[in-house]
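Asks: Here's a structure for you.
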Amino acid sequence: MSSLQPVRGTHDLLPEQMRAHRAVSDTARHVAALYGFDEIATPIFEKTEVFKRTLGDTSDIVTKEMYTFAMKEGEEITLRPEGTAGVARAFMSNGLSQSLPLKLFYSGPMFRHERPQKGRQRQFHQFGAEFLGVPKPEADAEIIALGVHILRELGVYQDTKLELNTLGDVESRKAYRGALIEYFSAHRDRLSEDSLNRLEKNPLRILDSKDEGDRELVATAPLFWDYLNEESRDFFEKVKSCLDALGIAYEHNTRLVRGLDYYGHTAFEFTTTALGAQGTVLAGGRYDALVKTMGGPDTPGVGFAAGVERLAMLSDRVVEAPRPLAIIPMGAEAETMAFKVASDLRYAGHRVELGYSGNMKKRLTRANRDNAFAAIILGEDELAQGAVTFRDLTSGEQELVKLDLLEQRLHSYL
């Protein structure tokens, strides 16, 4: 074994794993297209300001997890820890406000310096969808419906639970923020250092704390629901009625929050216990103030992101490589002809493997090891007749097939 190993928190995706990952992202891409989402790709690194503005100076991602580098010119850049900020930046940079509403889909690697664990690496992969320009609750329901559809297509929906909550409008959040500050201020001596730092600036983040002492306080903290105004309750009821109409089951989790001011109204997570401890596989919410926070026009939005690694593990599907067709030439003249036959068949849509060395037995053994569905044998006798010997490697039957009829003979195998 080589002494050179992947960096901690990264791993190689070997062909079998890569096929499973590609199946997840391709399924999501296909379903997103059914809902009218077009794919977008943003750079894997951005100016650090893009993430500091969107994720907040007090977030764990910004303070502990981002990979940030100083460029020779003195500018700071950061490997993207999530996808939404880059999409919002692209929306602004490319002047897309005249194209609203926009439905955008993305897929690719993200980077966070956190403790590696099952299904979560320092370089990981996400796909996500962003619906910009529609302030109505129907857009929230459509985004959730898209998530459900993708999970169903992957065969994992039955292993997940949809948790749903409302973060209300600006007025409701302001009232709740004040209640949290008052409550946690009375327990300052029991708060962790991180939560003390967040108390005045972003008290909602305390509700996400993993510290055991904080969690004991959170259990008896005021509930967001008690501070919602009528407009916020009506918005949430409309989202729920849309989901009810689609037969999508959900659980109202009053403790589900987002700690940033630009989030509002709907927040949701699809969680599972099938991978051990409860984990989130797809999560999102409404972020009407995000683009404005970044210095752009007032633009409502709602979206989600999902972890490809976790979904690939949850689906637990072995994605087989397409079975190839083996071409076995015997003799120098046949090898030259085999290149031409292989090229023609590849252009016709077949996966073709050429056997380059060994006797007939060894080459057939290799074809079976490659899981080939058939072997095409080219020797002196076949060349003289302008034909090939076609051997079905499943049934063992073989026949002589004229070269000009070979593609037609293989059509049923496509």
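Asks: If packing is taken as the mean number of other Cβ atoms within 10 Å per residue, what is the order of 371-384, 136-149, 34-47, highest first?
Replies: Listed from highest to lowest mean packing, they are 136-149, 371-384, 34-47.
Asks: Compute the signed sum of charges (Lys and Arg +1, Asp and Glu -1) over the other residues within less than 12 Å, Cβ to Cβ, of Asn253.
Replies: After counting each charged neighbour, the total is -1.
Asks: For the chain, what does -39500 (n - 2.57) per DSSP helix run (n ≥ 4), summed and divided by total residues, give at 222 nm, in deg cm²/dmol to the nearest 500?
Replies: -11000 deg cm²/dmol
Asks: What order, most packed first, do the peptides 296-307, 230-241, 167-178 have when packing is the mean number of other Cβ atoms within 10 Å of each residue?
Replies: 296-307, 167-178, 230-241
Asks: Mind checking the full-extension length gain between Glu333 and Arg190? Use 0.36 nm per residue of separation minus the Cα-Cα distance, one decimal, nm.
Replies: Between Glu333 and Arg190, full extension yields 43.1 nm more.
Asks: Identify which of the listed values of Rg/Rh (Cα atoms, Kirkwood Rh) was calculated from the structure shown: (1) 1.00; (2) 1.12; (3) 0.95.
Replies: Answer label, from the structure shown: (2).
Asks: What lysines could a cross-link reach from Lys402, if we take a straight Cα to Cα line under 16 Å and drop same-chain neighbours fewer than 8 places away?
Replies: Lys340
Asks: How big is the gap, in Å, between the Cα center of the range 284-348 and the Cα center of the range 1-24?
Replies: When both Cα centres are located, 15 Å separates them.
Asks: Among 326-336, 352-362, what's the highest-first ranking by average C-beta atoms within 10 angstrom per residue?
Replies: Those peptides, ordered most packed to least, come out 326-336, 352-362.
Asks: OK, next. Using DSSP H assignments, which helices in the chain have an axial alpha-carbon span of 20 Å or above and a mean Kyte-Doolittle hydropathy of 0.0 or higher?
Replies: Both cut-offs are met by 137-153.
Asks: Tally Lys and Arg at +1 and Asp and Glu at -1 over the other residues with C-beta under 11 Å from the C-beta of Glu309: what net charge comes out?
Replies: Overall, the nearby charge balance is +3.
Asks: Here is the link list: Lys201/Lys292; Lys47/Lys161; Lys118/Lys240; Lys47/Lys201; Lys64/Lys240; Lys72/Lys118. Which ones come out longer than 31 Å on Cα distance?
Replies: Violating the 31 Å Cα-Cα cut-off are Lys47/Lys161; Lys118/Lys240; Lys64/Lys240; Lys72/Lys118.
Asks: Net charge near Ala348: determine it from the other residues with C-beta under 14 Å of the C-beta of Ala348, scoring Lys and Arg +1 and Asp and Glu -1.
Replies: Counting the neighbours of Ala348, the net charge comes to +1.
Throughout, read-outs are computed from the coordinates displayed, never taken from laboratory work. As the structure is a computational prediction, the values presented were derived from the model and not from experiment. Here the Cβ is made from the backbone with ideal geometry for all residues, glycine too, and neighbour counts use every protein chain on show.
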